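Asks: Mind having a look at this structure? Questions to follow.
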């Protein structure tokens, strides 16, 4: 035991509860792990806070940087770098979320050293070349053009413009044609130099990994600068009375040619929920209202009983960055869109005013408890749960703690919770539909 502790101290690995800390250049980097010697692969994630789309300013720099990083290193170039990965079945993907830039690595155990070395090469020597930039701009312009015919995406974008006006969330993270064409290597390098730093890093690691893996990670991470930590912002769902009055029946409307069915996105604020104490209640309420598919209130009322929509859902998003109820549905191009919107309003109002039945609560509890193993099947699923708990400043086993609370949740408790959140009635809708056809003269 003393030898193991001595080795960890030598590596600069410290324990604090369920989280390890890998010390590099004096920075204590959190390491969230899910080790399993029964598998023959490893997964590693490098999560850099500050690299997400909410920190973009004039240019869609986070998405551009993530795509450019997929073009390999300057030394090998795009084709040779990715050929080398493919030859050993190594997956190395780069992505961005609302607040983070993430390097995701998955490899067979026998190629662990090779895989981590390739990750290290990408960290040190990204392909900051004119050719890679040209590929990035072409890809982003194509992606932007494709989004114009993704009408569910356009409805979500319109909703964000209304609900988060004046914040980064109101902007299209894909950018515009004008600012995509302004992307340049200098700004991308500045983005990487600012965000790919030790002070903003959280590591996730799972599978057949061990102390040698951490030693190897420490070695490649020593190439990174210390940098500065960053505060993660929180955005409130907010719409003024003046904004609401400017809407038609609480609905923002945008038309596109080529629309075959109406796309509707909607949301409401979700205020005052303490995730450490009440997230399990919100999860049950969300499942009954609209996150549970068939059998949930929204889908049953809007699709099954009224036949007004092809699909309909609502779920609760509670976390460090956002807290809101968000949903969507698709209807035909006739009057059903307006009818469906009104029925969603009625359904939510009835839900808040009257709560749920004993049968609905029992069904929700059975579903959550019975399906929990399916949400923990893979190492990636378990790691993701732990990481999100850490990100939201919760215990790493928060999902297990919540599930135990679900088992003993009573009808008065869930209904008291639901009736307290009257803000759910303050729904705002975004409707994307086809342009109105001029009426033919008699």
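The values are calculated or read from the model by the stated rules, or taken from the named source; none is laboratory data. Being a predicted model, the structure only gives us computed values, none of them experimental. We place every Cβ from the backbone using ideal geometry, glycine too, and count neighbours over all the protein chains shown.
Asks: Applying the selection to region 248-260, what residues are in a loop (DSSP other than H, G, I, E, B), touching a helix residue (DSSP H, G or I) at 6+ places or on another chain (Cβ under 8 Å) and modelled with pLDDT of 85 or more?
Replies: Answer for region 248-260, where residues must be in a loop (DSSP other than H, G, I, E, B), touching a helix residue (DSSP H, G or I) at 6+ places or on another chain (Cβ under 8 Å) and modelled with pLDDT of 85 or more: 250, 256, 259.
Asks: Taking region 97-129, which residues are touching a residue at least 60 places away in the same chain (Cβ under 8 Å) and in a strand (DSSP E or B)?
Replies: Across region 97-129, the qualifying residues are 101, 104, 105, 106, 107, 108, 126.
Asks: Okay, next question. Can you confirm whether region 283-303 contains a residue that is touching a strand residue (DSSP E or B) at 6+ places or on another chain (Cβ under 7 Å), assigned by TED's automatic domain parsing to the domain that holds residue 422, modelled with pLDDT under 95 and not in a helix (DSSP H, G or I)?
Replies: No, the conditions are met nowhere in region 283-303.
Asks: Residues in region 28-62 that are in contact with a strand residue (DSSP E or B) (Cβ under 7 Å, 6 or more places away or on another chain), surrounded by fewer than 17 Cβ atoms within 10 Å (Cβ to Cβ) and in a loop (DSSP other than H, G, I, E, B): how many?
Replies: Count: 3.
Asks: For region 355-373, which residues satisfy the criterion of being in a helix (DSSP H, G or I), more than 27 Å from the chain's Cα centre (by Cα) and free of Cβ contacts under 8 Å to residues at least 60 places away in the same chain?
Replies: Within region 355-373, 358, 359, 362 qualify.
Asks: How about region 132-141: which of its residues are touching a residue at least 24 places away in the same chain (Cβ under 8 Å) and under 22 Å from residue 193 (Cβ atoms)?
Replies: 132, 133, 135, 136, 137, 140
Asks: Quick one: residue 387 ticks every box in (1) in contact (Cβ under 8 Å) with a residue 40 or more places away in the chain; (2) surrounded by fewer than 16 Cβ atoms within 10 Å (Cβ to Cβ); (3) more than 23 Å from residue 293 (Cα to Cα) bar one, so which box is it?
Replies: Result: residue 387 fails condition (2) only.
Asks: Would region 181-199 turn up any residue that is part of a loop (DSSP other than H, G, I, E, B), touching a helix residue (DSSP H, G or I) at 6+ places or on another chain (Cβ under 6 Å) and in contact (Cβ under 8 Å) with a residue 60 or more places away in the chain?
Replies: yes
Asks: Please work out which one of (1) over 30 Å from residue 202 (Cα atoms); (2) part of a loop (DSSP other than H, G, I, E, B) is the condition residue 394 fails and give its number.
Replies: Failed condition: (1).
Asks: Check off (1) closer than 21 Å to residue 391 by Cβ; (2) assigned by TED's automatic domain parsing to the domain that holds residue 385; (3) surrounded by fewer than 17 Cβ atoms within 10 Å (Cβ to Cβ) for residue 247 and give me the number that stays unchecked.
Replies: Condition (1) is where residue 247 drops out.
Asks: Condition check: more than 28 Å from residue 133 (Cβ to Cβ), touching a strand residue (DSSP E or B) at 6+ places or on another chain (Cβ under 6 Å) and not assigned by TED's automatic domain parsing to the domain that holds residue 379. Does residue 196 satisfy that?
Replies: No: the conditions fail for residue 196.
Asks: Here's another thing I want to ask about it. For residue 144, indicate whether it is under 21 Å from the mean Cα position of the chain (by Cα) and modelled with pLDDT of 95 or more.
Replies: Criteria met by residue 144.
Asks: Filter region 138-166 for residues that are under 17 Å from residue 59 (Cβ atoms) and either out of contact with any helix residue (DSSP H, G or I) (no Cβ under 6 Å at 6 or more places or on another chain) or loosely packed, with under 14 Cβ neighbours inside 10 Å (or both) and give the result.
Replies: 138, 143, 144
Asks: Also: Which of the following residues is more than 18 Å from residue 281 (Cα to Cα), touching a helix residue (DSSP H, G or I) at 6+ places or on another chain (Cβ under 9 Å), modelled with pLDDT of 95 or more and assigned to a helix (DSSP H, G or I): 344, 348, 352?
Replies: After ruling out the rest, the residue left standing is 344.
Asks: Can I ask one more? Inside region 209-231, can you point out the residues that are surrounded by fewer than 18 Cβ atoms within 10 Å (Cβ to Cβ) and in a loop (DSSP other than H, G, I, E, B)?
Replies: 210, 222, 223, 225, 226, 228, 229, 230, 231
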